[in-house]
1. Of the residues Lys239, Lys278, which is in the same structural domain as Asn349 (by TED's automatic domain parsing) and at negative phi?
2. In the stretch 291-339, how many residues are aliphatic (A, V, I, L, M) and either closer than 30 Å to Glu218 by Cα or in contact with a Pro (Cβ under 8 Å, 6 or more places away or on another chain) (or both)?
3. Just checking, which of Glu236, Glu184, Glu228, Glu164 is assigned to a helix (DSSP H, G or I), surrounded by fewer than 16 Cβ atoms within 10 Å (Cβ to Cβ), free of Cβ contacts under 8 Å to residues at least 24 places away in the same chain and over 47 Å from the mean Cα position of the chain (by Cα)?
4. Is it the case that Tyr198 is touching a helix residue (DSSP H, G or I) at 6+ places or on another chain (Cβ under 6 Å) and closer than 18 Å to Leu295 by Cβ?
5. Can you find even one residue in the stretch 629-641 that is surrounded by 19 or more Cβ atoms within 10 Å (Cβ to Cβ), outside any helix (DSSP H, G or I) and either of a type outside the set (Asp, Glu) or in contact (Cβ under 8 Å) with a residue 40 or more places away in the chain (or both)?
6. Counting residues that are farther than 30 Å from Glu382 by Cα and in contact with a Gly (Cβ under 6 Å, 6 or more places away or on another chain), which strands (runs of 3 or more DSSP E) fully inside the stretch 241-303 reach at least 1?
7. Out of all the residues in the stretch 52-61, is one or more charged (D, E, K, R), at positive phi and at pLDDT below 90?
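The values are calculated or read from the model by the stated rules, or taken from the named source; none is laboratory data. Just so we're clear, the structure is a prediction, and the values are computed from it rather than from any experiment. Cβ coordinates were reconstructed from backbone atoms using ideal geometry, including for glycine residues, and neighbour counts include every protein chain displayed.
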Amino acid sequence: MKKKAVEKIPFLKLPETVKKKAAEYAAVADVKEIDGEEQLFVEVYRNRKECRAVPVVRIVLTDKDFGTYFTESGSWSRERITKNDWSSYGLVWWGNDVRAGKPVNIMAEENVLYSQEDLKRIKDFVRVGVWDEEEWWEYIDQKQKDIARKERAERTERSRERREKALKQRKKNTPELPEERVLEYADGILFHRKHYLYYRKHRSRAAVACSKCGNVTEARWKLGVTLESQAERMMEEPKMGEYGVCPKCGAYGKFIPQGRAKNSYREEKNLFLGQKYKETGMVFRYITVMKEWNLKLSCTEKGIEMQSAGERLSEIETVRIYFEPGKKVQRDYCKHNPWSGIDFWDDCNLGGLNSIRTREAQIMPETYENMAGTFLEYSALEEYERAAGEVNAENYLVQYIQIPQIEMLVKLGLFHVAGELIRGRNSIVSDTEADRADTFLGIRKDRVKQLIKHQGAPSILRAMQMEKQTGQRFTDKQIKQLAEAGLMEQAGSLLEYMGVQKMLNQISRYAGCGYGTMCSTAAFRIEQTARRYVDYINMRKELGYDLQNTVYLFPKDLDAAHRRMVEEYSRTEADKRIRETEERFPLIKENYNKLKKRFYFKDKDFVIRPAASAEEIVMEGRILHHCVGGDDYLDRHNRGKNIILFLRAAGDQEVPYITVEIDAEHLGICQWYGAYDKKPDEERMQRWLDKYTTRLKARTLAAGSGTRERNYA
């Protein structure tokens, strides 16, 4: 659509206002030809004499495009003519002139076409049907919807074609997978050339089926007394779980008795193979190798006997990760079509729990030879794998591209820090632009050697970072103790009132054990005590205590002092909650006298009355341990939609017993519960409440009350 040419077309004139009282807007329509293409013009005017010169909006449609021109702002929009998002319905051009959510019949009365000829022009151009002709805008909306749907389909098809073309190019430039080398490496390194020797013993002889050679061999494991028996083939006695040698081929394997053996047993291992891709890129292939051992049995006159054994190696490549300089990392996934039984490659992963993921695995050594000359040559992946044993090459290289300082950390021996970054825990980084380890990690320069000594342990690193942030100077011993206590940024609240050594000594005294004992129980106790001490000090501080007072700062019994502070803090928070609800829901208290005249009832056993204030509702929920004190219940009672009633024993009206929620309009009970969301004496109380609601609906509560109610307001 040529918008400039459309803007030059004079506005269609509204001959006169429409003689309908409810009509606020009137529209005229016509078909124009621009550069050999027919276009539908719909001009919408305010239905007033003084507004007939310039329309509010101009709607233009072609067979393949549409647009809405706002005359006041001189701007174009590609939004559809109607807005229907299940919560509201309206016409887009009215903006704030029309409230969202108007009924369709009212919209039809307010928005009219000037004549039936205009409707005919619209219908002839769009060639679609609608349910109600009075909703003339639906013709336009349907046409716009069809155009948008076709455009989406075309965009999707173009995107699919681009992706398929790129996928074919990647497959074309991907080197062949050396399957024999992969299986050989996996068998030797991952499976350690594992073989099984299935056996069945009979007196001094044994039959052995070897998974390596597949033969079943009989041999004597115990010398006989005759000369002929001493000339027979000998073998060591097979014992379950022990290792021995096949008497036929000499393969070393694990003995498994025939009765304990599975017909088929399989193990899976994963590995990465990196190959050069194009000139300076790399493709990392994630391969799953499976080794299967099987034992074949046959039924003979002698019973079930071993016929043969075997083993088989197979591999399947599941993921290809492409790394190219200056480009986004691309992943392709191997999928299986269950209908055709064919495997194929796709650039989209599966969804949900079935998604294909890479995990930590060994990397084939030729990968590092292939990395020479690529932009990943100096990634230090080989050094990191040597220290870690197994690594997720995908995660490592993705993080290395974003944070190239990982190479520096690995070559310095800070393997644990590098591992944190590989797992995406980038919060340990202080300055992402730094090229030195101390500034990159936010620690003192002289701490780097100590950090290297601990291989970049995160707990040691965070203690060093806290040292620099607080501007203090700790000893090496204090750094280790801070790391053991797990005190990182939380220690700042303690260091405001004491030195670091005093803090560490107090924690050790409260815990009842020392640092550096190499005892996991002691380490756990120290860490828990440190957290409790920090929590205790923070609560004291928040409640306004003077922490210069050593009685508050260093309690004799930390556990008891912490419990007391938790109770006091909870009471303070409860008071704060009560003040907040009283301010937010004031009508609960104001309407109490009116509600008690309607809902109060008492007999010889029980009394029921409405809540006198928001505070009462909150306390009721706290005492009975249910959710009536929540904002939803308070808001409904405050608005008079539902009423919260308290049912209590007539002889002890101060003790909460049952809370009742009743519909204020229909006078039906929504729910009732006692302590811990349970229903005490359920049958009796349900009968009592049924009688109560019957009296309530009949307006006979006052006649049944035996005594005057107490004023709780």
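1. Lys239
2. Total satisfying the criteria: 6.
3. Glu228
4. yes
5. no
6. 252-257, 281-300
7. Within the stretch 52-61, none of the residues are charged (D, E, K, R), at positive phi and at pLDDT below 90.
Per-residue answers, yes or no, for (1) loosely packed, with under 14 Cβ neighbours inside 10 Å; (2) closer than 18 Å to Tyr692 by Cβ; (3) over 37 Å from the mean Cα position of the chain (by Cα):
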site	(1), (2), (3)
Phe646	no, yes, yes
Ala649	yes, yes, yes
Gln653	no, yes, yes
Ile658	no, yes, yes
Glu661	no, yes, no
Ala664	no, yes, yes
Leu667	no, yes, yes
Tyr673	no, yes, no
Asp677	yes, no, no
